[in-house]
Amino acid sequence: MNHKMLALAVAALLAAPAFAQNTTSAAPQMRMVQEDTTTVYDVTTTNKKGTTQYGMVEQTQTTPQGGTRVISQTEYADYTPSKMALANDKKAEVSIGVGGAYSFDKDTEGARLSDMGMAYTGQVLWDMSDHLALGADYMLLTPNGRSNDRQGHYDYDTLRVNSIALAGKYTINAWDTWRLYIPMGVGAAQVRMKSSGTRDGKYTSESTNEWGLDLFAGLGLQYNISQDVFIGLEYRYTVAFVKGDDLNRYYGKDNYMQFHSAFLRLGTRF
């Protein structure tokens, strides 16, 4: 081996550690790109139409530059309808009512024609909207007769009203358990009066039936026991376009017959 090759070998041995050190220091360093934070929310909201419960996942991402962004998504949602929502899903109702009827009408002598008697009604309605329902109504009013003792003795034995009407019901607060409503109707009424007694020293008796248009309106309060069954109180004011002198030619007054009635109503929705 000559001196020149020996010098090259020594130089190579001295350079090897420096090369190894440079290679190690050049290895890549791990650094954070972003940091994630995940939060899960359980949310419940309730109103008259029902309860909605849903879970929301919110993810916050923070970048090395100090910025943040939020990503939200709903994982699940459950809706439970209220009792009133289930009731309103049903689009028809049928009900009956029993109560009392009275008339303030008087004869030409100032005597009242009747006392408090019984009242009955049956009704079928279909919902046009949450607030308005239309249908058919039957009503029977049977005030008790009275006597007129101002000009001899005269009895109003029977006073009856049979009414068949196109009925309506406007509910003011359609999503409440207690509901305030306005009943209304227009139809045909048969008014019957039977009277007898002594007039000018002679006994007379007559029975008269007259048909005429009738209108009624009032106010009602309803309580929904369940989604299917309800109960309530209802007042009606009814005008039958039949005049008193058409029912009794001796003592009848020239005015249309008017009646007040109140019902305890029980019904079901379907």
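Bear in mind that the values in this text are calculations on the coordinates, not laboratory data. Computed from a prediction, not measured in an experiment: that's the story for all the values here. Every residue, glycine among them, receives a Cβ derived from its backbone with ideal geometry; neighbour counts consider all protein chains shown.
Quick rundown of the values:
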item: In order through segment 259-266: 3J(HN,Hα) via Karplus (6.51 cos²θ - 1.76 cosθ + 1.60), integer Hz, x for Gly, Pro; result: 9, 10, 9, 9, 10, 9, 10, 10
item: Lysines whose Cα lies under 29 Å from that of Lys243, excluding same-chain neighbours fewer than 8 positions away; result: Lys106, Lys169, Lys194, Lys202, Lys253
item: Relative contact order (%) - segment 183-270, alpha-carbon pairs under 8 angstrom, separation at least six; result: 26 percent
item: Net +/- balance of residues flanking Ala85 in space, Cβ distance below 9 Å, scoring K and R +1, D and E -1; result: +2
item: Whichever aspartates and glutamates have a C-alpha closer than 14 Å to that of Lys90, once near sequence neighbours (fewer than 8 apart) are set aside; result: Asp127, Asp130, Asp228
item: Extension reserve of the Ala92-Ser226 stretch, reckoned as 0.36 nm per residue once the Cα distance is removed; result: 46.8 nm
item: 5 angstrom amide H check on Asp157, placed H, neighbours 5+ away; result: Lys194, Ser195, Ser196
item: Where Rh is the Kirkwood radius over Cα pairs, Rg/Rh for segment 85-269; result: 1.09
item: Whole-Hz couplings from phi, Karplus 6.51/-1.76/1.60, listed for segment 184-192; x for Gly and Pro; result: 7, x, 9, x, 10, 10, 9, 10, 10
item: Charge context of Leu141, other residues only, Cβ under 13 angstrom, K/R +1, D/E -1; result: -1
